[in-house]
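The values are calculated or read from the model by the stated rules, or taken from the named source; none is laboratory data. As the structure is a prediction and not an experimental result, all values here were calculated from the model. Every residue, glycine among them, receives a Cβ derived from its backbone with ideal geometry; neighbour counts consider all protein chains shown.
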Amino acid sequence: MNFAKIKYYDISNGPGVRTSLYVSGCRNHCKNCFNPETWDFAYGEPFTEEQERAIIESMRPDYIKGFTLLGGDPFEPENAARLVTFMEKLRAEYPQKSIWCFTGYDYEKDILTGKHGDLSVNMRLLHTLDVLVDGRFVEELKDLNLRFRGSSNQRIILVKPSLESDEVVLWDGESFV
């Protein structure tokens, strides 16, 4: 798996100061995507254990509130397969910090059914997340007033309560996740 960039002080992709990993590779090709260079799975450089260690170390300070995974798309099967063990390590190292993920795929239709990717990998990856922002970016539904998403069809899903209740639980926009 390749990655496009790592931001060690990101304030745009989740609440608080975060470390963010932008993976390479996305088949959605949303019109007017803000990162079209990341559609190419070969873009950037290989994601290695060195980057894993750097990310884990970057999250040690108390002012780093969490980690965000985006791209490209982390739920592309090639990316998810590579990310899942890293994300399990990250979650074990920082159980108190929030982990957000952005995907263009639909939580119920694509990810939970295994319609897109390996269901067991998807489930392992979901269990490392606190929040999943799902859905393709739709230019016609673009809304600059939305927090942490680009178009009104995208949802901010609280993963653990959603998995426990077997129905989608949305973030209220107030609680710090």
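Annotations for the structure displayed:
- Within the stretch 124-162, the residues that satisfy the criterion of being surrounded by fewer than 16 Cβ atoms within 10 Å (Cβ to Cβ), closer than 19 Å to Phe67 by Cβ and at pLDDT 95 or above are His127, Lys160.
- Members of the stretch 1-35 found to be at pLDDT 95 or above, in contact with a helix residue (DSSP H, G or I) (Cβ under 7 Å, 6 or more places away or on another chain) and not aromatic (Phe, Trp, Tyr), listed by number: Met1, Ala4, Ile6, Thr19, Leu21, Val23, Ser24, Gly25, Cys26
- Residue, nearest to Phe75 (Cα to Cα), within the stretch 29-56, restricted to residues that are polar (S, T, N, Q) and part of a helix (DSSP H, G or I): Thr38
- For the stretch 95-123, the candidate set comprises residues that are buried (at least 16 other Cβ atoms within 10 Å of the Cβ), over 10 Å from the mean Cα position of the chain (by Cα) and of a type in the set (Ser, Thr, Tyr); within that set, the residue that is nearest to Leu70 (Cα to Cα) is Tyr105.
- If you go through the stretch 163-177 and keep only what is under 17 Å from Lys109 (Cβ atoms) and loosely packed, with under 10 Cβ neighbours inside 10 Å, you end up with Asp166, Glu167.
- Look at the stretch 109-122: where a residue is polar (S, T, N, Q) and a partner is part of a helix (DSSP H, G or I), sitting 6+ places away or on another chain with Cβ atoms under 8 Å, you get Thr113/Leu119; Asn122/Ala80; Asn122/Ile111.
- Qualifying residue in the stretch 29-51 (condition: within 16 Å of Phe102 (Cβ to Cβ) and either in contact with a Lys or Arg (Cβ under 7 Å, 6 or more places away or on another chain) or small (Gly, Ala, Ser) (or both)): yes
- Leading residue by the ranking (nearest to Gln154 (Cα to Cα)) among those in the stretch 36-51 that are surrounded by fewer than 18 Cβ atoms within 10 Å (Cβ to Cβ) and in contact (Cβ under 8 Å) with a residue 24 or more places away in the chain: Glu37
- The residues of the stretch 89-147 that are among the small types (Gly, Ala, Ser) and in a helix (DSSP H, G or I), listed by number, are Ala92, Ser120.
- The listed residue being among the aliphatic types (A, V, I, L, M), within 14 Å of the chain's Cα centre (by Cα), over 22 Å from Arg124 (Cα atoms) and surrounded by 15 or more Cβ atoms within 10 Å (Cβ to Cβ), out of Ile6, Ile64: Ile6
- Test: residue in the stretch 12-19 that is more than 16 Å from the chain's Cα centre (by Cα), surrounded by 14 or more Cβ atoms within 10 Å (Cβ to Cβ) and not hydrophobic (A, V, I, L, M, F, W, C): no
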